[in-house]
Amino acid sequence: MNRKLKSIFNSLEASPEIKEKKCDKKVRQLRSTYSSLEVGTGLDSDTLKNRITRFCISLQEQVSDPTLKTWIRKIQSESDKLYNDMNDDPGEPDFSLSWSVDDD
């Protein structure tokens with residue numbers, strides 16, 4: 001986990017609003033699930049991604065501070081990137097940038 005993401009998790013867990021609403025357990029579960037997805041151990045990546053999405057949505061619904069919501073969205077975005085990178089098939093060529101041009 002990169003330094004910035006660790007900082008976000010730590011700040012979320014230490015947030016007064018998170019503690020007040022007793023959501024710190026969800027933050028710890030989110031951190032653990034994200035780590036499992038990152039390392040690639042445990043459950044399959046689809047299950048982990050779904051859990052991360054559920055935790056993020058649940059936390060966003062419970063907090064009102066825009067900064068906290070932004071941090072949660074950042075975690076969701078990073079997990080989406082990680083998931084997509086893991087499920088990119090290296091055997092398939094990437095045609096997203098190639099153009100078919102006929103010079104006839």
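Observations on the model:
- Residue pairs meeting the criteria (Cβ under 7 Å; at least 6 apart or on separate chains; first in contact (Cβ under 8 Å) with a residue 24 or more places away in the chain and in a helix (DSSP H, G or I), in region 13-25; second of a type in the set (D, E, K, R) and exposed (fewer than 14 other Cβ atoms within 10 Å of the Cβ)): Glu17/Asp65
- Test: residue in region 68-79 that is assigned to a helix (DSSP H, G or I), loosely packed, with under 10 Cβ neighbours inside 10 Å and at pLDDT 90 or above: no
- Flag for Lys26 being surrounded by 15 or more Cβ atoms within 10 Å (Cβ to Cβ), more than 20 Å from Leu68 (Cβ to Cβ) and at pLDDT 90 or above: no
- Ser45 being closer than 15 Å to Trp71 by Cβ, surrounded by 11 or more Cβ atoms within 10 Å (Cβ to Cβ) and out of contact with any strand residue (DSSP E or B) (no Cβ under 6 Å at 6 or more places or on another chain): no
- Any hit, region 33-42, residues being assigned to a helix (DSSP H, G or I), closer than 23 Å to Met86 by Cα and without any contact (Cβ under 8 Å) to a residue 12 or more places away in the chain: yes
The values are calculated or read from the model by the stated rules, or taken from the named source; none is laboratory data. All of these numbers come straight from a predicted model, not from anything done at the bench. Positions of Cβ are backbone-derived with ideal geometry, glycine not excepted, and every protein chain shown enters the neighbour counts.
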